[in-house]
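The values are calculated or read from the model by the stated rules, or taken from the named source; none is laboratory data. Just so it is clear, the structure is predicted and the values come from calculations on it, not from any experiment. All Cβ positions, even for glycine, are placed from backbone atoms using ideal geometry, and neighbour counts span all protein chains on display. The area values use the complete protein model at the heavy-atom level, side chains included, leaving out ligands, DNA and RNA. Shrake-Rupley method; radii C 1.70, N 1.55, O 1.52, S 1.80 Å.
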Amino acid sequence: MTDHRQQAPSAARNRDPILAVLRGVMPAAGTVLEIASGSGEHSVHFAQALPGLVFQPSDPNPDARLSIAAWAADSGLANLRPPLALDAASPSWPVTAADAVLCINMIHISPWASTEGLMRGAASILPPSAPLYLYGPYRRAGVATAPSNEAFDRDLRQRNPAWGLRDLEAVAALAAAAGFSGPEVTEMPANNLSVVFRRL
């Protein structure tokens, strides 16, 4: 029998630091929509640690959804839903309401249109004060970017010219235009940031 579970080394490294931030950000109860869930390892880890929340993973990639479904089945968690086919850039999402939106390591490995769609879609389904949580590497005005991030950015752009590290200020401006607060930023290991916007 084929095991469809994929393993992302970065997910194993960053899941606990991310969880530590999520504990202070996520609502006590409700539904969390995860955009670009990838392997599904984050969904399982967070659903296990935050049993009061229902996690709805999603990904546009069929292979990723197979992996997410396999991890979910293996976990047996009642608060982890089957993955949805969802492209952040799409003008309509298959989810009409959520209490939080979670998006880890997507913005720099997708076209800018995906970030535009993420802001638009999250704004349309979140109630006032609900969080949109982003995680990943960013450029910041006036803050020296780590050499490893610069090398990563070059590598991303070589793989796909539409990819690359985004300016946090540009992401924040997009969020503000969609109806979100300014960013709450937490420095994370390996030169990453946790960035939280709240629906106004």
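Some notes on this structure:
- Top positive-direction residue, dipole computed over the chain with Cβ charges, set PRO111, GLN158, LEU126: LEU126
- Per-residue ³J(HN,Hα) for the stretch 11-26, Karplus 6.51 cos²θ - 1.76 cosθ + 1.60, θ = phi - 60°, Hz, x for Gly and Pro: 5, 5, 6, 9, 5, 6, x, 5, 4, 4, 6, 4, 4, x, 10, 6
- Mean accessible surface per residue for the stretch 1-86, computed with a 1.4 Å probe while every protein chain stays in place, in Å²: 47
- In Å, descending, principal axis extents of the Cα set of the stretch 1-86: 38, 25, 23
- ³J(HN,Hα), Karplus 6.51/-1.76/1.60, whole Hz, each residue of the stretch 103-108, x for Gly, Pro: 9, 10, 6, 10, 4, 7
- For the stretch 128-200: accessible area per residue (Å², 1.4 Å): 48
- Accessible surface of the chain [probe 1.4 Å, protein heavy atoms]: carbon and sulfur percent: 55
- In the chain, helical runs assigned H by DSSP with n ≥ 4 each contribute -39500 (n - 2.57); averaged across all residues and rounded to the nearest 500, the mean residue ellipticity at 222 nm is -12000 deg cm²/dmol.
- 13 Å reach of a label modelled at VAL185, 7 Å along Cα-to-Cβ, counting backbone N of the stretch 100-142: 136-142
- Estimated from the Cβ-Cβ distance and a Förster radius of 41 angstrom, the FRET efficiency linking THR96 and GLN158 is about 0.60.
- Note on the stretch 1-86: dipole from Cβ charges, positive end direction compared against HIS42, ALA70, GLN6; the farthest Cα belongs to HIS42.
- Pairwise FRET efficiency - ASN61 versus ALA20, Cβ, R0 = 22 Å, nearest 0.05: 0.20
- Simple Cβ-charge dipole of the chain, Lys/Arg +1 and Asp/Glu -1, about Cα centre, in debye nearest 20: 160
- Amide H contacts under 5 Å for LEU102: LEU33, GLU34, ILE35, TYR133, restricted to partners 5 or more places along the chain or on a different chain, H placed in the peptide plane at 1.01 Å from N.
- Backbone geometry of the stretch 62-69 corresponds, through the Karplus equation with coefficients 6.51, -1.76 and 1.60 at θ = phi - 60°, to 3J(HN,Hα) couplings of x, 5, 5, 5, 4, 5, 4, 4 Hz, x marking Gly and Pro.
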